[in-house]
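Student: This structure is in structure tokens; I'll ask about it shortly.
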Amino acid sequence: MKEKNCNAEYSTFLANKQIFAKADGKEIKPGAVHKMLFPFQRDLVIWGCRKGCAAIFADTGLGKTFMQLEWARLMGEKTLIVAPLTVAKQTSNEAKKIGIDVLYSRDGTSDNQITITNYEMVGKFNPDDFGAVVLDESSILKAMAGKTKQKLTEMFSKTKYRLCCTATPSPNDFTEIGNHSEFLGVMAMSDMLATFFVHDDDGWRLRGHAEAAFYKWLSSWGMSCRKPSDLGYSDDGFILPDLNIKPLWVSMSQQPKNTLFFDGLKGLQHRSQIRRQTTTERIGATADIVNNSDNGQWICWCGLNTEATLLTKAIPGAIEIKGSDSADYKMDTLQSFQAGEIKVLVTKPRIAGFGMNLQSCHNMAFVGLSDSWEMYYQCIRRCWRFGQTKAVSVHIVLSEWESEIFDNVLAKERKASEMSRNLISHVQKYEQEELMSVEHKDWKYETASFDNEIFTCLLGDSSERLKEIATDSIGLSVFSPPFLSLYTYTPTERDVGNSKTADEFFGHFGFIMDELLRATMPGRNCCVHVSQVPAMLVRDGYIGMKDFRGMTILAFENRGWTYHGEVCIDKDPQAQAIRTHAKGLAFKQLKKDASWIRPALADYILVFRKPGDNPKPILPDIDNDQWIEWARPIWYGIRESDTLNKSTARDDKDDRHICPLQLGTIERCIRLWSNEGDIVADPFAGIGSTGYVALKYNRQFWGCELKQSYFTAMKINIQNAKELNAGQMALFQEKKAAHDKS
């Protein structure tokens, strides 16, 4: 046995195949974290320091500011914190509460251990001056222009330690999750999509078998929580007060401009037109609510400059913050509001709607709404956050024509809440184990056997179970390996197909090649079914083909096999076009631009020979005419539907139907390159197609399958083959007994 096939090496290989972010930071003892932090905050800081590059996705009010400051202090590196403009000064003030000195800089100077700036000014800083960087309210990445976002990612790509802090992402917001992963250097967006997702008619969706792997991967670098109990801690001190949403519908005496009657909103332009036409009525209604209230401070959220200007005039003592105001004025005004010196603040969501701690106020009014649920949510959470002691009242003032905007936002809220709950439920067990530095196993590896004197069907990992076969005992192998396809059939790293790269795939496949070489008789063959693999733009960076056939030949040769020959199997291009939706096979592409047209993908049987002299010459039971047909370099007449029934083996999470090898193809291989009584092996046995044909033609069979549902189907098919060919089996047993006696 070759040393590289030892169990220890295979175990190490499997461990390295697991997709998760490794810890590359610093170990921090609990006592080193400031005592002001709650236990869950302390442990998240320790985890973030251990990872080195991480994200804390925690809901508003859970103390992300304290956590990021402690992370920066404990990492011991010169650190730059990048935050929204209005949050920077607030962070500096919060830092003083835990004895940390943070310098606010907008001009690129950074002679302090921890410096904070805003996103607009980050380009003035030299990233080489810092050993660590923090992105506060990092969800801003998805709202930034593509070039700016990419510049930020590239700017800190070499910074050793990186931390992102923002609210919990939606589990279907692949852009936000991918942006964070890319910024932290965990995995590029394109790799994330290619690894865990599949693109179909409805867009990107999580692969069925990738679900556990995706959430485990996400939890290895990003901690998501809405409240401390999500991570297994007490919620004491973090129970939110009541939230009262109070819509006010303003009646309109006139009809919308240029219409005889109102028949619904028609799009963004029409929404904007209606909002402008109803400004006066909504401003009057909002001012009445605020002016007749004697219940503390108010925040009024406006979407238009005109709304903000008119409302400020209509409310005595109201102070407006505009986009054109200086940075110092914005920050000073917000600090005055936090201190209770301003009773009514009028501003826009994009100015003060992210990151600010405004729980001194428990009244707010929206002077109209956009269709953005996230903007609505973030504005509410400025006041309705952990630390708020009073019930929060939210007045939403809309014209009667804008009801569908309100309904749309509420529908998005319900969907977002459901998805957030789903995300937390998926990641909880992984996150708690991450915090405790233990590993969770979702998929249980099991073994089983179904055999008699002429066949052996095994449940398990072929890389290990092939070791049970005697050396030089296999007469022929016929099989079809997975074709570089992640999470198609199982979620486990033991699946050869679950490989991130071609090198990893053939590294794993190599363990099987080696064991087959050992167990095969000298001078005998191994038949491997392959086809070429399409290259995808999102996964590979281009649209084209990958030479999987050539890579397989090279891999077998490197493992000691001799490339003996190959057969090309004809395929129906129309059937393939319908099944795969391939652009290169579409009729419309033929008429649009034939430069993209390509031939259908053929199947190949690659034949490899084990070096040495064959101890038992093979004497096929075929005549010359059959040999002439089968000796052709292309096999015609193989019916694509000539397979065993596969429906019973399908798993609910399978993204593809199992594709069993055609029985006619297997028959030709077995009858050409094996004798009656030989052991025919299949290390990717699936539902037992190779075994079915082997038994039919009086061969013995050895097959191994990793997936339980396929193994169950294989047992049924092998049993059927045995019963259907009982006469042939009896004849075989007689021949075998006579041979043994002689």
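The values are calculated or read from the model by the stated rules, or taken from the named source; none is laboratory data. Since this is a predicted model, take the numbers as computed values, not measurements. For neighbour counting, all protein chains shown are included, and Cβ atoms are generated from backbone atoms with ideal geometry for every residue, glycine included.
Student: If you go through region 118-130, how many residues are touching a Lys or Arg at 6+ places or on another chain (Cβ under 6 Å) and touching a residue at least 24 places away in the same chain (Cβ under 8 Å)?
Tutor: Adding up the residues that qualify gives 1.
Student: Just name the residue that is farthest from the chain's Cα centre (by Cα) out of those in region 585-614 that are surrounded by fewer than 19 Cβ atoms within 10 Å (Cβ to Cβ) and acidic (Asp, Glu).
Tutor: ASP613
A quick yes/no check of all residues on (1) out of contact with any Cys (no Cβ under 6 Å at 6 or more places or on another chain); (2) at pLDDT 95 or above:
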site	(1), (2)
ILE299	no, yes
CYS302	yes, yes
LYS313	yes, yes
ASP328	yes, no
ASP332	yes, no
ILE342	yes, yes
THR347	yes, yes
ILE351	yes, no
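Student: I've got another one for you. Please enumerate the residues belonging to region 689-702 that are small (Gly, Ala, Ser) and touching a Leu at 6+ places or on another chain (Cβ under 7 Å). Reasoning before the result, please.
Tutor: Let us first name the residues in region 689-702 that are small (Gly, Ala, Ser), namely 689, 691, 694.
Listed by number, the list holds a single entry, SER689.
Student: Find the helices (runs of 4 or more DSSP H) located wholly in region 339-437 whose residues include 2 or more that are outside the structural domain of THR280 (by TED's automatic domain parsing) and buried (at least 19 other Cβ atoms within 10 Å of the Cβ), and list them. Spell out how you get there, then give the answer.
Tutor: Working: elements: 349-352, 373-380, 403-435.
Result: 403-435.
Student: Kindly evaluate ILE274 against the criterion of being buried (at least 16 other Cβ atoms within 10 Å of the Cβ), more than 19 Å from MET364 (Cα to Cα), touching a Leu at 6+ places or on another chain (Cβ under 7 Å) and hydrophobic (A, V, I, L, M, F, W, C). Give the steps one after another, and end with the answer.
Tutor: Details: buried (at least 16 other Cβ atoms within 10 Å of the Cβ): yes; more than 19 Å from MET364 (Cα to Cα): yes; touching a Leu at 6+ places or on another chain (Cβ under 7 Å): yes; hydrophobic (A, V, I, L, M, F, W, C): yes.
Here the answer is yes, as ILE274 does meet what is asked.
Student: I'm told THR159 meets every condition in (1) over 24 Å from ALA58 (Cα atoms); (2) over 14 Å from the mean Cα position of the chain (by Cα); (3) of a type outside the set (A, V, I, L, M, F, W, C) except one. Can you identify the failing condition by its number?
Tutor: (1)
Student: Quick check on my filter: what residues within region 15-40 are of a type in the set (Asp, Glu) and either touching a strand residue (DSSP E or B) at 6+ places or on another chain (Cβ under 8 Å) or at pLDDT below 95 (or both)?
Tutor: Step one: filter region 15-40 for residues of a type in the set (Asp, Glu), giving 24, 27.
Hit for region 15-40 is ASP24, nothing else.
Residues are listed down the side, and each one gets a yes or a no for (1) crowded, with 17+ Cβ neighbours inside 10 Å; (2) in contact (Cβ under 8 Å) with a residue 24 or more places away in the chain; (3) not assigned by TED's automatic domain parsing to the domain that holds GLN662:
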position	(1), (2), (3)
THR520	yes, yes, no
CYS526	yes, yes, no
HIS529	yes, yes, no
GLY550	no, no, no
ALA555	yes, yes, no
GLY560	no, yes, no
ALA575	no, yes, no
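Student: Hey, another quick one. Looking only at region 198-220, decide whether some residue is β-branched (Val, Ile, Thr) and within 35 Å of the chain's Cα centre (by Cα). Please lay out each step first, then the result.
Tutor: Residues of region 198-220 that are β-branched (Val, Ile, Thr), as a first pass: 198.
Among the residues that remain, those that are also within 35 Å of the chain's Cα centre (by Cα) are: 198.
Among the residues of region 198-220, at least one is β-branched (Val, Ile, Thr) and within 35 Å of the chain's Cα centre (by Cα), which makes the answer yes.
Student: How many residues does region 397-411 hold that are touching a helix residue (DSSP H, G or I) at 6+ places or on another chain (Cβ under 7 Å) and charged (D, E, K, R)?
Tutor: The number of residues fulfilling the criteria is 1.
Student: For region 478-501: of the residues being buried (at least 22 other Cβ atoms within 10 Å of the Cβ) and among the aliphatic types (A, V, I, L, M), which is farthest from PHE196 (Cα to Cα)?
Tutor: My answer is VAL478.
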